[in-house]
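Asks: Pasting in a structure now, in structure tokens, and then I'll have a few things to ask.
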Amino acid sequence: MTPRPLTVAVVATLAVLASTLASGAAAAPEAPVDLSPVPERLGRSALPEGWQHGAFIEIFVRGFQDSDGDGIGDLRGVTRRLDYLKDLGVKGIWLMPITASADHDHGYATTDYRAIEPQYGTLADFDELIREAHRRGIGVVMDYVINHGAREHPLFQAAAADPASPWRDWFVWSPKPLGELTDWDIWGHTPWYLPGEQVPDLPEGASAPPKPTSTALAPAGSPRYFATFGPDMPDFNMRNPAVVKYHADSLRFWLDRGLDGYRLDAVPHLIENSAKDWNDQPESRALTGDFARLIKRYPHRFVVCEATAEPKVYTRPDICGSAFAFGLERAVIDAAKGGDGADEAVARVARFFTESPLSMATMLSNHDIFAGRRPWDQFQGDEARYKLAAATYLLLPGTPFLYYGEEIGQAGVAGLPGDAPLRAPMSWTADVRGFTSGTPFRPAAPNIATHNAQAQAADPGSLLNFYKAMLALRNTQPALARGRYEAPLAQGRVLSFQRAYQGQRVLVVINYGQEAAKVALSGLTARRQLRPLYPTAATPPGRAPVPAPRVDPAGRLTLMAAPLSVQVFRLR
């Protein structure tokens with residue numbers, strides 16, 4: 001596979017040339033899906049400047065709220081819960097894939113990039129969700145699965161059925177037998193498959209497809225197609241200008257309807273150069289940058305990339321601008337657990353944003369099992385330490401992404417394969433009737449009776465109300481949402497740092513230890529007073545208000561950090 005880097009600009013030029021050459025020629029065969037060009041309609045954003053600096057919530061639509069009793073969450077269900085999200089304090093929603101898919105579950109096996117998954121609703125439902133979210137000051141971004149489609153995608157079906165198909169070059173093929181492709185190994189498996197090849201079900205906890213067991217549906221000597229994420233999801237040939245143009249037009253399709261941006265899925269895998277050079281190639285970075293620039297031509301749009309190999313690189317303005325900070329979630333959870341190695345974990349957390357761009361996206365967990373189980377399971381129900389982890393990533397720099405149900409301590413569902421334990425119905429009430437009037441598509445969380453949104457809202461000391469308090473700090477203190485990261489300090493199991501923005505300065509002190517700790521800070525402005533922001537006199541019962549200490553004439557401050565505590569001060 002010889003490298004031929006392309007950009008969206010080059011693709012546009014090639015498309016014009018192709019149109020010119022085609023004039024007078026035989027008409028191209030009709031495509032089995034909509035490939036029509038989509039003009040750019042920039043319009044005006046309905047959201048205020050800077051909305052994307054607030055926190056987001058990641059929503060698995062299938063598991064969020066069912067509106068029609070079929071046991072499957074849908075877009076109308078999300079719209080129904082917008083007031084809950086506004087009250088929670090999030091400023092953005094990331095919708096996991098909502099386009100038509102072959103899997104009818106996770107959504108990453110796309111069959112039509114310009115249609116809503118029928119089980120989720122209609123384009124009219126999507127338009128209503130956008131309107132109602134904007135009316136509440138909430139932006140909406142959605143997953144765009146750019147690297148691969150579904151094996152059932154009509155274009156792949158046509159390409160697999162006929163080597164002379166005009167869609168054949170939309171995917172990547174090799175005429176070599178598997179014995180000559182043994183140098184290819186992606187996550188322990190070959191990425192080359194025969195059309196119709198079957199694989200066993202994904203075992204529990206696995207993150208990569210197991211080896212195929214049958215090739216009976218493909219004749220001997222058939223060419224193999226390339227599929228990074230397993231045979232159900234063949235990779236697009238991103239060296240083909242027509243493929244790049246199709247994705248560019250499809251991105252505009254949703255932006256023109258008012259979408260506020262995208263989470264671009266698996267962007268380091270857009271182009272592979274060889275069995276050795278297959279991950280995060282320069283051509284993939286260049287294409288990602290072009291797609292991100294296309295999106296950001298629309299006013300106030302936001303782009304975040306999934307780039308597990310080198311996430312810091314993808315935060316560069318010429319590539320994506322923001323990428324998930326994989327690895328930070330592990331350090332935050334290890335620090336909050338307070339076990340062996342906690343001191344080093346606190347130090348890793350303290351220095352992370354001294355070495356990383358402040359535009360990174362942060363989280364405790366997400367929809368993928370490789371990023372960890374749900375926090376409730378990782379903390380084994382220890383809510384005090386759960387709250388420390390939440391406060392850490394919600395007050396640090398970056399754009400925080402909550403995973404639906406995280407804010408109420410929803411547990412994972414044991415005994416299910418792959419990522420399914422993370423993707424259960426949202427626990428709205430003490431039983432599944434809060435999610436659906438029918439039979440839910442998947443079992444409810446095992447702790448639904450106690451950790452549901454209804455019960456948590458009524459308990460002033462609950463996880464939900466703690467999340468609301470932390471998000472209220474971000475929403476009312478610009479320094480926490482957009483500020484610089486200064487004076488980070490790890491003193492044993494105590495983390496402290498300052499955030500500063502346009503004359504405002506906020507100090508955060510978190511004690512992950514079981515014992516009270518004396519925290520000594522220096523280099524502050526003499527005689528500056530600290531106004532407590534959290535906890536305060538209005539803090540829920542069980543937390544005493546903190547007196548307002550002063551910095552001494554030498555610029556030193558000494559304060560006591562209670563065990564397992566979060567303290568936030570405004571310096572004035």
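Asks: Going by what's in this entry, would GLY77 be described as at pLDDT 95 or above, crowded, with 20+ Cβ neighbours inside 10 Å, closer than 23 Å to VAL413 by Cα and over 17 Å from the mean Cα position of the chain (by Cα)?
Replies: So GLY77 passes the test.
Asks: Which residue, of SER356, SER322, is open to solvent by less than 40 Å² (accessible area, probe 1.4 Å), within 20 Å of TYR485 (Cα to Cα), hydroxyl-bearing (Ser, Thr, Tyr) and touching a helix residue (DSSP H, G or I) at 6+ places or on another chain (Cβ under 7 Å)?
Replies: Sole residue among the options that is open to solvent by less than 40 Å² (accessible area, probe 1.4 Å), within 20 Å of TYR485 (Cα to Cα), hydroxyl-bearing (Ser, Thr, Tyr) and touching a helix residue (DSSP H, G or I) at 6+ places or on another chain (Cβ under 7 Å): SER356.
Asks: Same structure again: Go through the residues of the stretch 133-150 one by one and say whether even a single one is among the acidic types (Asp, Glu) and touching a helix residue (DSSP H, G or I) at 6+ places or on another chain (Cβ under 6 Å).
Replies: no
Asks: Which of the residues that make up the stretch 425-468 are out of contact with any helix residue (DSSP H, G or I) (no Cβ under 9 Å at 6 or more places or on another chain) and part of a helix (DSSP H, G or I)?
Replies: Scanning the stretch 425-468 gives VAL432, ARG433, ALA458.
Asks: Applying the selection to the stretch 104-131, what residues are more than 19 Å from ASN147 (Cβ to Cβ), among the acidic types (Asp, Glu) and open to solvent by 20 Å² or more (accessible area, probe 1.4 Å)?
Replies: ASP127, GLU128
Asks: So ASP340 clears everything in (1) farther than 21 Å from TRP187 by Cα; (2) touching a helix residue (DSSP H, G or I) at 6+ places or on another chain (Cβ under 8 Å); (3) in a loop (DSSP other than H, G, I, E, B) except one condition, right? Which one?
Replies: ASP340 satisfies every listed condition except (2).
So that you can scan it fast, the table gives a plain yes or no per residue for (1) touching a strand residue (DSSP E or B) at 6+ places or on another chain (Cβ under 9 Å); (2) touching a residue at least 40 places away in the same chain (Cβ under 8 Å); (3) open to solvent by 10 Å² or more (accessible area, probe 1.4 Å):
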| residue | (1), (2), (3) |
| --- | --- |
| ALA133 | yes, yes, no |
| VAL140 | yes, yes, no |
| GLU152 | yes, yes, yes |
| PHE156 | yes, yes, no |
| ALA161 | no, no, yes |
| TRP170 | yes, yes, yes |
| PRO177 | yes, yes, yes |
| GLU180 | yes, no, yes |
| TRP184 | yes, yes, yes |
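Asks: List the number of the failed condition for VAL519; all other conditions in (1) more than 15 Å from LYS387 (Cβ to Cβ); (2) of a type in the set (A, V, I, L, M, F, W, C); (3) part of a strand (DSSP E or B); (4) at pLDDT 95 or above hold.
Replies: (4)
Asks: Looking for whichever is free of Cβ contacts under 8 Å to residues at least 60 places away in the same chain, closer than 28 Å to SER45 by Cβ and assigned to a loop (DSSP other than H, G, I, E, B) here; the options are PRO317, PRO299. Which one fits?
Replies: PRO317 is the lone residue from the list that is free of Cβ contacts under 8 Å to residues at least 60 places away in the same chain, closer than 28 Å to SER45 by Cβ and assigned to a loop (DSSP other than H, G, I, E, B).
The values are calculated or read from the model by the stated rules, or taken from the named source; none is laboratory data. All values derive from a computational prediction rather than experimental measurement. Cβ coordinates were reconstructed from backbone atoms using ideal geometry, including for glycine residues, and neighbour counts include every protein chain displayed. For the accessible areas, the whole protein counts, side chains as well, though only heavy atoms, and no ligand, DNA or RNA atoms are used. Shrake-Rupley method; radii C 1.70, N 1.55, O 1.52, S 1.80 Å.
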